[in-house]
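Here the structure comes first, spelled out in structure tokens, and everything after it is commentary.
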Amino acid sequence: MGNDNVKKILLVSFSLSIFCSVLVCGSAISLKELQQTNKALDIKRNLLISSGVINSSVTEKEKILKAYERVTELAVDINSGSVADDVDTKKLDARKLAKVAGENIVLNSGDDLAKIKTISKVSKVYLVKNSSNQVEKIVLPIHGKGLWSTMYGFLALAPDTKTIKGLGFYEHGETPGLGGEIDNPSWKKQWVNKVALDGKNNPQIVVVKGQVDHSDSANYNKVDGLSGATITSNGVQALVNFWVSDNGFGPFLAKYRNGEVL
Ligand SMILES: Cc1cc2nc3c(=O)[nH]c(=O)nc-3n(C[C@H](O)[C@H](O)[C@H](O)COP(=O)(O)O)c2cc1C
């Protein structure tokens with residue numbers, strides 16, 4: 001058969017396309033597990049950065065896993081705030097469960113500050129302990145709508161359950177330079193020592209439009225807005241307030257304050 005034979009051309013093209021498809025599918029399948037492992041490691045790294053355990057220059061797997069030994073994962077029943085000891089936190093995927101009927105809570109639009117519609121009935125909470133095994137920080141997984149995307153991150157609280165010790169996002173699709181400034185270290189630093197709950201344990205964070213006078217102690221609940229990104233800023237305010245409220249981790253935080261969480 002000559003090289004210009006139509007049958008031969010078709011046969012070679014077909015064989016080549018089958019070969020390439022197998023190659024692409026094979027690599028996608030074999031790399032999937034590695035991608036998932038790397039994603040899980042990145043989430044741990046972000047949790048540790050948000051809670052001030054490591055700084056953002058740490059990228060080595062061994063260092064991240066070593067630092068993560070200080071973290072105890074709890075499964076928390078959102079409605080009651082109780083720790084669900086029968087749930088294996090290693091297998092708990094609240095992001096997935098939020099979409100599963102029966103496993104989720106459907107939020108009334110009036111309660112849905114973070115604009116996320118549904119949340120998992122059970123979610124992880126992380127306790128960061130010091131070398132004397134005392135809880136230094138309570139870390140809550142948080143998420144909510146910005147302008148373009150759902151922003152996923154962590155909020156670290158002091159053991160008083162009110163004072164913010166860190167905030168960070170590990171996944172979002174806001175515009176770099178505008179809403180994407182939620183990743184700016186100097187903006188994130190402003191959150192440290194702001195007080196998320198008022199005297200009656202109601203959420204009170206305000207992300208203002210413009211700048212806050214941080215030297216004024218009356219501004220203990222206020223953070224600067226991101227310029228040109230009011231919608232993202234409002235989204236962060238709403239999601240922080242949602243997750244510390246009674247519709248989010250409020251019942252768990254109340255139990256923690258009452259000494260009912262070991
Ligand atoms: C290309 C483009 C990207 C934008 N990205 C964001 C964003 O990530 N977050 C946000 O709040 N606003 C973003 N905006 C601006 C919003 O459309 C809106 O104008 C803005 O939130 C108003 O806030 P301001 O009062 O701070 O200007 C973007 C606008 C454009 C044109």
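The values are calculated or read from the model by the stated rules, or taken from the named source; none is laboratory data. All figures in this text were calculated on a predicted structure; none of them were measured in a lab. We place every Cβ from the backbone using ideal geometry, glycine too, and count neighbours over all the protein chains shown. All accessible areas refer to the heavy atoms of the entire protein, side chains included, with ligands and DNA or RNA removed. Shrake-Rupley method; radii C 1.70, N 1.55, O 1.52, S 1.80 Å.
Here are the numbers for this structure:
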| item | result |
| --- | --- |
| Residues satisfying the stated conditions in segment 127-144, i.e. free of Cβ contacts under 8 Å to residues at least 12 places away in the same chain and of a type in the set (Gly, Ala, Ser) | SER131, SER132 |
| Tabulated pairs, segment 145-157, first within 13 Å of the ligand (Cβ to nearest atom), second aromatic (Phe, Trp, Tyr), C-beta under 8 angstrom, 6+ apart or interchain | MET151/PHE169 |
| Residues that are over 23 Å from ILE43 (Cβ atoms) and touching a strand residue (DSSP E or B) at 6+ places or on another chain (Cβ under 9 Å), drawn from segment 113-131 | LEU113 |
| Helices (runs of 4 or more DSSP H) lying entirely in segment 1-101 (those with 3 or more residues that are of a type in the set (Ser, Thr, Tyr)) | 6-50 |
| Unmet criterion (only one of (1) more than 24 Å from THR150 (Cβ to Cβ); (2) surrounded by fewer than 15 Cβ atoms within 10 Å (Cβ to Cβ); (3) free of Cβ contacts under 8 Å to residues at least 40 places away in the same chain) for ALA101 | (1) |
| Filter pass, ASP160 being at pLDDT 95 or above, of a type outside the set (Val, Ile, Thr), over 16 Å from LEU239 (Cα atoms) and open to solvent by 40 Å² or more (accessible area, probe 1.4 Å) | yes |
| Identity of the residue in segment 73-89, surrounded by 14 or more Cβ atoms within 10 Å (Cβ to Cβ) and among the hydroxyl-bearing types (Ser, Thr, Tyr), that ends up farthest from LEU47 (Cα to Cα) | SER82 |
| Number of positions in segment 212-238 that are away from the ligand (no atom under 14 Å from the Cβ), in contact with a helix residue (DSSP H, G or I) (Cβ under 9 Å, 6 or more places away or on another chain) and open to solvent by less than 50 Å² (accessible area, probe 1.4 Å) | 2 |
| Residue, farthest from ALA94 (Cα to Cα), within segment 110-155, restricted to residues that are charged (D, E, K, R) and in contact with a Pro (Cβ under 8 Å, 6 or more places away or on another chain) | GLU136 |
| Checking ASN38 against (1) loosely packed, with under 14 Cβ neighbours inside 10 Å; (2) modelled with pLDDT of 95 or more; (3) within 29 Å of ASN184 (Cβ to Cβ), the condition it does not meet | (2) |
| Positions within segment 163-187 being touching a residue at least 60 places away in the same chain (Cβ under 8 Å) and not in a strand (DSSP E or B), in sequence order | PRO185 |
| Qualifying position, being under 26 Å from VAL135 (Cβ atoms) and not assigned by TED's automatic domain parsing to the domain that holds ASP111, among LEU262, LEU197 | LEU262 |
| Yes/no for LYS209 being open to solvent by 50 Å² or more (accessible area, probe 1.4 Å), away from the ligand (no atom under 16 Å from the Cβ), out of contact with any His (no Cβ under 8 Å at 6 or more places or on another chain) and assigned to a loop (DSSP other than H, G, I, E, B) | no |
| Cβ pairs under 6 Å, 6+ apart, first in segment 233-262 and farther than 10 Å from ILE205 by Cβ, second part of a helix (DSSP H, G or I) and more than 16 Å from the ligand (Cβ to nearest atom) | GLY248/PHE242; PHE249/TRP243; VAL261/LYS255 |
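The rows are residues; the columns are (1) surrounded by 19 or more Cβ atoms within 10 Å (Cβ to Cβ); (2) within 13 Å of the chain's Cα centre (by Cα).
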residue: LEU127; (1), (2): yes, no
residue: ALA156; (1), (2): yes, yes
residue: GLY177; (1), (2): no, no
residue: ASN184; (1), (2): no, no
residue: TRP187; (1), (2): no, no
residue: VAL195; (1), (2): no, no
residue: GLY199; (1), (2): no, no
residue: ILE205; (1), (2): yes, no
